[in-house]
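Each value in this text was obtained by applying a stated rule to the coordinates, not by laboratory testing. None of these values were measured; they are calculated from a predicted model. Heads up, the Cβs are rebuilt from the backbone with ideal geometry, glycines too, and the neighbour counts pull from every protein chain shown.
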Amino acid sequence: MDENMLYLGLNTEGERVGLTLSQGNRHGLVAGASGTGKTVTMKCMAEAFSNAGVPVFLCDVKGDVSGIAAPGADNAGMQKRIDRFGLRETFRFRGYPTVFYDIYGQYGHPVRATISDVGPSLLARMMNLTDVQEGVLNIIFRIADDRGLEILDLKDLRAVIQYVSQHRAEYLTTYGNIAPTTLGAIVRALLPLENDGGDLFFGQPDLDIRDWMRTAPDGRGYINVLHSVELIRHPKIYAMFLLWMMAELFEELPEVGDADKPRLVFFFDEAHLLFTDMPKALLAQIEQTVKLIRSKGVGIYFVTQSPSDVPDTVLAQLSNRVQHALRAYTPAEQKAVRTAAQTFRPNPAFKTEDVIMNLGTGEALTSFLDRKGVPSIVQQTAIICPESLMAPCSEATRRSAMSASPVAGKYDEAVDNLSAYERLEEQAKRDEAQAELDRQRAELEAEKAALAKEKEKAKAEAEKKKAKEKEKKSKQAERRRNKIESQLISTGGSMLRRGLLSVLKKL
């Protein structure tokens, strides 16, 4: 249409309908029942943004979005659509510059994040922790920060939990009570998270969000496709990843204000998984992120079956709308149709509620912001056809794109850097070595004390023996003296008697 508009379809009057490029960061919603054309619409919008030089992120939950890397297939039906939408002069079947990612590393470059980056709030939601358990998890993260223990992966988290368990009495007055039963519950909650692929997602090298903000040599924005066929079977991991990604964008990107075009556009398929059983605090965080992230030049487009899947506070931030058909067989579905109709600016030419239920495949009600940021009236629109393949790409195409991608080799091999687990293992070894040294010192001191005691005992016994010998000798001398005295007395007595007798005889 012009440089500032992305051509997306024709209304019932044959007029072109498009999304204002400068308003692309005002977020949007692509909704509709299964099989009504949401995926094709998402691909057409992604191609349009890419052609405008805007990098794009797509979730591939069914595997068919990967076809955006390959040229579309020509047939009579496509030729009719090309003529119908007036694309004969510009349309050509072609693939788009694509970078494939996969948390499990099978169908794209691995995607990783550190547990520290994810944080305790998102982690607690993934693990279905109670408020008390989440509070203890926050304490665990705080202790790790204060101790310089970096938590990068699950084994780091387990190591820190074990450390806290061993030292919880020391932290009682500083951080509060840490009950062993709560720590045990957190450890048990790690098991399903690990089984769902958390051991693959948490780690390094962690994703640099700026790698998704690249343009190809021909000026088109790279389309980053996250293979989510396996991931969607583990909705907690999927939701956590998308929430983490929004938080990363908000924290890392600088303010750009109003720009001619977005810096990056995200399409989150199966968006209802983000908001199922969402805690109020986390919902408020998402609402704030969606509200403020547009100033960073990022557009977020939620793709889901019904607008009612998205909370009203978030839905109010989604200004660009594409509504495919909804079916209303139950009172709840009828209410959803009425709600969807009320989100559009009315068109006097038709009743929005009736049209929603009668749209054909590839048709939608659309309303986009104009250059001044005013929503257009709702229009019944036939969505254009994509230039890329409307089916999964071949394995050869995928492998070729991966080998030629700008991040080839950057994330493919996991690394295990020095972190909490290794530090605590080293500390445990040092403590064990110190304990062994203390034990040896204690044994040496005990041996010295025992030796000194033996010496003291031997000395005492020697002195006792010496005293006994001395006493014995003294007694022997005493006996000799007594004997001599007795002998002297006896001899003296004899002499005295003889002398006296001699004198008496003379008388």
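Worth a mention:
- Crossing angle, helix 280-293 versus the chain [Cα axis fit, 0-90 degrees, rounded to tens]: 60 degrees
- You can think of it this way: the chain between Asp199 and His272 has 23.8 nm of extra reach, that is 0.36 nm per residue less the Cα-Cα gap.
- Computed E for Thr181/Asp145 - FRET, C-beta separation, R0 30 angstrom, nearest 0.05: 0.80
- Across all Cα atoms of segment 197-303, the radius of gyration (one decimal) and Dmax (whole number) stand at 14.5, 45 Å.
- Computed label-point distance, nm, for sites Ala332 and Leu172 using a 7 Å Cα→Cβ extension: 4.9 nm
- Against the chain, whose longest principal axis is taken from its Cα atoms, helix 154-167 shows a tilt of about 40°.
- All-pairs Cα distance distribution in the chain, expressed in whole percent, bin size 10 Å: 3, 15, 22, 18, 11, 6, 4, 3, 2, 2, 2, 2, 2, 2, 2, 1, 1, 0, 0
- Cβ-to-Cβ counts within 10 Å put Glu422, Glu387 in ascending order as Glu422, Glu387, the fewest first.
- C-alpha long axis of helix 331-342 to longest principal axis of the chain, angle in °: 70 degrees
- Spin-label model distance (nm) - Met357 vs Ser502, 7 Å beyond Cα toward Cβ: 17.0 nm
- Low-density loop positions, trypsin sites (Lys or Arg not before Pro), segment 414-488 - DSSP coil, at most 13 other Cβ in 10 Å: none
- Counting DSSP beta bridges with both ends in the chain, the antiparallel % (nearest 5): 40 percent
- Estimated distance in nm for a label pair at Glu13 and Ala76, the labels positioned 7 Å out from Cα along Cα-to-Cβ: 3.4 nm
- Each Lys or Arg adds one and each Asp or Glu subtracts one; over the other residues with Cβ under 11 Å from the Cβ of Arg441, this totals -3.
- A helix-only calculation puts the chain at -15500 deg cm²/dmol for mean residue ellipticity at 222 nm, using -39500 (n - 2.57) for each DSSP H run of at least four residues, averaged over all residues.
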